[in-house]
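Beneath this line is the structure, given in structure tokens, with notes to follow.
The values are calculated or read from the model by the stated rules, or taken from the named source; none is laboratory data. Only a predicted model underlies this, so the values are computations on that prediction, with no experimental measurement involved. Methodologically, a virtual Cβ is constructed for each residue, glycine included, from the backbone with ideal geometry; neighbour enumeration extends over all protein chains shown. SASA here: full protein model, heavy atoms, side chains in, ligands and nucleic acids out. Shrake-Rupley method; radii C 1.70, N 1.55, O 1.52, S 1.80 Å.
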Amino acid sequence: MIRVTRRAVAIAAASASAGAACVLAAGCASSLPRLPESRIAEPAPEAVESVLFLLGDAGYADEMRNPLLLRLLDDIEMWSGRLARDSAVGVLFLGDIVYPLGLHSSDSPEFARDSAIVQSQVNLLAGPNAMRYNSLGYFLAGNHDWGEARNVDGVLRLRNLEEFLDRRRAEGIDVRLQPEAGEPGPAVIDFGIQARLVLFDTAWWLLAQSEYRKRRALQQTEDAIRSTEGRYIVVAAHHPFESASSHGGLIPFWKSLGVRFLMTRSGALLQDLSSPAYRELRDIMLEAFRAGPPLYFAGGHDHNLQIIDHQTDGFPWPAFTLVSGSGSKVSDLGHIEGMLYRGEVPGYMRVVTHLSGHVDVFVIAAPTEELLSCPGEGADLERCMIEGSSHFISRYSKRLR
């Protein structure tokens, strides 16, 4: 049964009302409520147990031209060196690793370009500190990594990515595809001494379903939660749990002349959170979360940065949704009840777990989409990269626990 909340009812009513008004009016203007700012201090390294970075939808990112990757590389290197412990730093690559159709096979003319995009992300974990202290990279599949193809054809495309990452791991960079190609998940990974990662391939649920595997996934998720032994739960996937952007159906009506709004509300767009397949997945997850709701659900898919507080929705929703999907492009944002932060900007997130048990999130972002790519060559390109990376700073931070 699909769970209907007062949030969903309010959104539907507000959207319908706004849509009708926009049809009758000559034009509409966006008016989103202002969100309160939040800033907390950067933690002292000696107080930190682990650091987990969230980067999504970097499928167009070129390490030679994307200042975001340079800034994130520096961040990973800094925290790997400061903590100076094995596997204390990790990165969740939240899907859509390669646009537009995933990693082609090595005999394809598209392979050189596709593999360079993957390597640009792998190299975030190839710095001297990251290598010395075995910082970890977990790549989650997105619908584009499946080549937007169903069943066997999609799995074959995904295996290209898995095999590429396996070769990089054999060279000493600890990166891997999780869950494995063609598996829905959950992949269960204990990260540090306090967190348990429960990772899903949500694109599988939309492109290659199996009734048996769906039932098994529910049982495995419940088992992973019940056996945490005091760890807090992080659920991560390409598709987020909730979103105030286009895939969540919350882009203002007038931005698409109502067409996308109506298609989303009817569930006609497979990759949107309103599709029947994704609603079924959320229901299965909510059933599993009765064993213990996650602290947060991390996803990408929508190309922006969002933090949404679900604590007023009650059990068994995740306490927070974190959307970090602006690794290589940016899309519009609307508003949703519980929204704490919204950014139509490029960036990533850093989640810090303290030895004390506290958990903080930091949003590292630049002010404009133009800072995703540097033009020019030689000294001009180098200058742009250095200056551009300096604009990626902490814009919002909050204690989650």
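A few comments on the model shown:
- Residue check, Glu222 charged (D, E, K, R), open to solvent by less than 40 Å² (accessible area, probe 1.4 Å) and within 17 Å of Pro293 (Cβ to Cβ): yes
- Restricting attention to the stretch 130-175, the residues that are open to solvent by 50 Å² or more (accessible area, probe 1.4 Å), modelled with pLDDT of 95 or more and part of a helix (DSSP H, G or I) add up to 10.
- Residue match in the stretch 56-77 (condition: aromatic (Phe, Trp, Tyr) and under 24 Å from Pro128 (Cα atoms)): no
- Unique residue being surrounded by fewer than 17 Cβ atoms within 10 Å (Cβ to Cβ) and modelled with pLDDT of 95 or more when the list is Pro367, Pro346, Pro318: Pro367
- Among the numbered conditions (1) touching a residue at least 60 places away in the same chain (Cβ under 8 Å); (2) surrounded by 21 or more Cβ atoms within 10 Å (Cβ to Cβ); (3) in contact with a Lys or Arg (Cβ under 7 Å, 6 or more places away or on another chain); (4) part of a strand (DSSP E or B), the only one that Leu340 does not meet is (2).
- Restricting attention to the stretch 283-315 and to residues that are open to solvent by less than 10 Å² (accessible area, probe 1.4 Å) and aromatic (Phe, Trp, Tyr), the residue that is farthest from Trp205 (Cα to Cα) turns out to be Tyr296.
- Search result, residues across the stretch 54-83 that are among the hydroxyl-bearing types (Ser, Thr, Tyr) and outside any loop (DSSP other than H, G, I, E, B): Ser80
- Residue within the stretch 309-320 that is hydrophobic (A, V, I, L, M, F, W, C) and within 15 Å of Asn66 (Cβ to Cβ) present: no
- Cβ-Cβ contacts under 9 Å between residues 6 or more apart (or on different chains), taken from a first residue in the stretch 96-119 that is over 18 Å from Val155 (Cα atoms) to a second residue that is outside any loop (DSSP other than H, G, I, E, B) and among the aromatic types (Phe, Trp, Tyr), are listed as Gln119/Phe164.
- Criterion violated by Ser210 - all others in (1) among the small types (Gly, Ala, Ser); (2) surrounded by fewer than 17 Cβ atoms within 10 Å (Cβ to Cβ); (3) at pLDDT 95 or above satisfied: (3)
- Residue check, Ala195 farther than 23 Å from Gly142 by Cα, surrounded by 21 or more Cβ atoms within 10 Å (Cβ to Cβ) and at pLDDT 95 or above: yes
- Selected residue (criterion: nearest to Arg290 (Cα to Cα)) from residues of the stretch 321-337 that are aliphatic (A, V, I, L, M) and open to solvent by less than 10 Å² (accessible area, probe 1.4 Å): Leu322
- Total residues in the stretch 180-192, condition touching a helix residue (DSSP H, G or I) at 6+ places or on another chain (Cβ under 6 Å) and open to solvent by less than 10 Å² (accessible area, probe 1.4 Å): 1
- Taking every residue in the stretch 63-89 that is surrounded by 19 or more Cβ atoms within 10 Å (Cβ to Cβ) and pairing it with any residue that is of a type in the set (Phe, Trp, Tyr) and in a helix (DSSP H, G or I), at least 6 positions away or on another chain, the pairs with Cβ-Cβ distances below 7 Å are Val89/Trp79.
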